Amino acid sequence: GGIMMTKLGSEFMPPLDEGSLLFMPVTLPDVSNSETKRILQVQDKIIRSVPEVVHVLGKAGRANTATDNSPISMIETIILLKPQNEWRKGITKNDIINELNAKIQIPGTTNG
């Protein structure tokens, strides 16, 4: 019974790694659609330069639904990674995240 009491109020949630990252930079609130498109293209090209990345899908603005309230200034990018056995030797997911943050320094945006 004592062990159960030490776990009271906590949940069992194993770490979940689906081989992808979500990158969400934010631009200035008054950014134009054309500038957001340009930033998205530059960002995706930089992300694709990381050897562990297999696919990049970015979206700016929102869908025409009540459940997506993202402003045009918020970019959402899904980054799919190669299987871990295809990564550079000794590299971790945190290393990839740090590399992406270091490479993606686009004026007028803040990495999120």
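The values are calculated or read from the model by the stated rules, or taken from the named source; none is laboratory data. Here the structure is a predicted model, which is why all the values come from computation and not from measurement. Every residue, glycine among them, receives a Cβ derived from its backbone with ideal geometry; neighbour counts consider all protein chains shown. What goes into the accessible areas is simple: the full protein's heavy atoms, side chains included, and nothing from ligands, DNA or RNA. Shrake-Rupley method; radii C 1.70, N 1.55, O 1.52, S 1.80 Å.
Assorted remarks:
Residue by residue, here is whether (1) open to solvent by less than 60 Å² (accessible area, probe 1.4 Å); (2) modelled with pLDDT of 80 or more holds:
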site: LEU16; (1), (2): no, no
site: GLY19; (1), (2): yes, yes
site: GLN41; (1), (2): no, yes
site: ALA66; (1), (2): no, no
site: SER70; (1), (2): yes, no
site: SER73; (1), (2): yes, no
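- Top-ranked residue in the range 75-96 [being part of a helix (DSSP H, G or I) and open to solvent by less than 60 Å² (accessible area, probe 1.4 Å); ranked as farthest from SER34 (Cα to Cα)]: LYS93
- Any pair with Cβ under 6 angstrom, 6 or more apart, that starts in the range 31-47 at a residue that is assigned to a loop (DSSP other than H, G, I, E, B) and ends at one that is open to solvent by less than 100 Å² (accessible area, probe 1.4 Å) and among the polar types (S, T, N, Q): VAL31/SER73
- Scanning the range 48-64 for residues that are at pLDDT 85 or above and either in a loop (DSSP other than H, G, I, E, B) or small (Gly, Ala, Ser) (or both) gives SER49, VAL50, PRO51, GLU52, GLY58.
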